[in-house]
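K.L.:
To start, I am sharing the structure in question, which I have written as structure tokens.
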Amino acid sequence: MKKHYSKSMFNIRIRPATLDDAEFLLSLRTHPELSRFLGTVKNCIDSQVQWMESYLKKDDDFLFLIESDSGTPMGSIGIYGFEKSQTQGLSAEWGRWVILPEYNIGPISSFLLFSIAFDEIGLDEVWCRTIRDNPKVIRFHNSYAAQRKLHPGFILLDNKKKPAIEHFLSKEMWFKKKTYIEKIAKITERLQNK
């Protein structure tokens, strides 16, 4: 898989992240409010560029920049950890989802990501793992996901084990919920433009 997927709707686009985005992506990861559930990273542009160079060599790892149609960076989102199984088909984790607090574009960015995951890449299922102490994101996933379960393990955050919840969305459920999710994205666009 090559990193050419991008999608634009509702005055927002997601496009493949490039080395030119390293500084913005680092600012998201080190933002005091946003990094609370991400873990501490070294505030070093050289380290971020090294990570980006390594990431860009992987064919099955997609990091997208979320931006306005005019090019204003707003956040990031990604698909990674691809797995193939006889029962689930091709699945992947989605995450790396960080949006600047001044933008209410969660429904739009997730709609665009799901469109790429199911309609373009051809995934059979996506899943997301969220720290249980993050109720805002869990509520969001509850409204979209077909299945939710307490993860039997933990997310390691700054060397501390944090209980997690997983949400799954299958291709079948995407096609059933796509119109609903698109409607919420349209409402979000109208609210964002006020």
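The values are calculated or read from the model by the stated rules, or taken from the named source; none is laboratory data. Just so it is clear, the model here is predicted, and its values are computed rather than measured. FYI the Cβ positions are ideal-geometry reconstructions off the backbone, even for glycines, and counts take in every protein chain you see. The area values use the complete protein model at the heavy-atom level, side chains included, leaving out ligands, DNA and RNA. Shrake-Rupley method; radii C 1.70, N 1.55, O 1.52, S 1.80 Å.
K.L.:
Which log10 I(q)/I(0) values does the range 154-194 give at q = 0.19, 0.23, 0.24 Å⁻¹ under the Debye formula, counting every alpha carbon as one identical point scatterer?
P.N.:
-0.71, -0.74, -0.76
K.L.:
Normalised by the residues of the range 37-125, what does the relative contact order come to in percent, with Cα pairs under 8 Å and at least six apart?
P.N.:
Relative contact order for the range 37-125 comes out at 21 percent.
K.L.:
A follow-up question, please. Calculate, for the chain, the solvent-accessible area per residue in square angstrom, rolling a 1.4 angstrom probe over the heavy atoms of the protein chains.
P.N.:
Averaged over the residues of the chain, the accessible area is 54 Å².
K.L.:
Among PRO16, LEU28, CYS128, whose Cα lies farthest out toward the positive end of the dipole of the chain, if unit charges sit on the beta carbon of Lys, Arg (+1) and Asp, Glu (-1)?
P.N.:
Of the candidates, CYS128 comes out farthest on the positive side.
K.L.:
Give me the percent of DSSP beta bridges within the range 68-161 that run antiparallel, rounded to the nearest 5.
P.N.:
75
K.L.:
Please list ARG13, ARG148, ARG36 from largest to smallest accessible area, probe radius 1.4 Å, with all protein chains kept in place.
P.N.:
ARG36, ARG148, ARG13
K.L.:
Share of the range 85-172's accessible area from carbon and sulfur, percent, 1.4 Å?
P.N.:
That share works out to 48 percent.
K.L.:
Related question: Suppose a student asked you for the relative contact order of the chain, using Cα pairs under 8 Å spaced at least 6 residues apart; what percent would you report?
P.N.:
The value is 20 percent.
K.L.:
Which FRET efficiency value, to the nearest 0.05, is calculated for SER27 and ASP133 with the Förster distance at 35 angstrom and r the Cβ-Cβ distance?
P.N.:
According to the calculation, E is roughly 0.90.
K.L.:
Using θ = phi - 60° and the Karplus relation 6.51 cos²θ - 1.76 cosθ + 1.60, list the HN-Hα couplings for the range 21-34 in order, rounded to whole Hz, with x at every Gly or Pro.
P.N.:
Running phi through 6.51 cos²θ - 1.76 cosθ + 1.60 with θ = phi - 60° gives 8, 4, 5, 5, 4, 5, 5, 5, 5, 9, 5, x, 6, 7 Hz.
K.L.:
As an exercise, identify the GluC sites (Glu not before Pro) in the range 1-94 lying in DSSP coil whose Cβ has no more than 11 other Cβ atoms within 10 Å.
P.N.:
Hits after loop and neighbour filter: GLU33.
K.L.:
Which whole-Hz ³J(HN,Hα) couplings does the range 95-100 yield from phi under the Karplus relation 6.51 cos²θ - 1.76 cosθ + 1.60, θ = phi - 60°, glycine and proline marked x?
P.N.:
Those phi angles translate into x, 6, 8, 9, 10, 4 Hz.
K.L.:
While we're here: Quick one: ranking TRP97, TRP174, TRP51, TRP127 by accessible area, 1.4 Å probe, largest first, what do you get?
P.N.:
TRP51, TRP97, TRP127, TRP174
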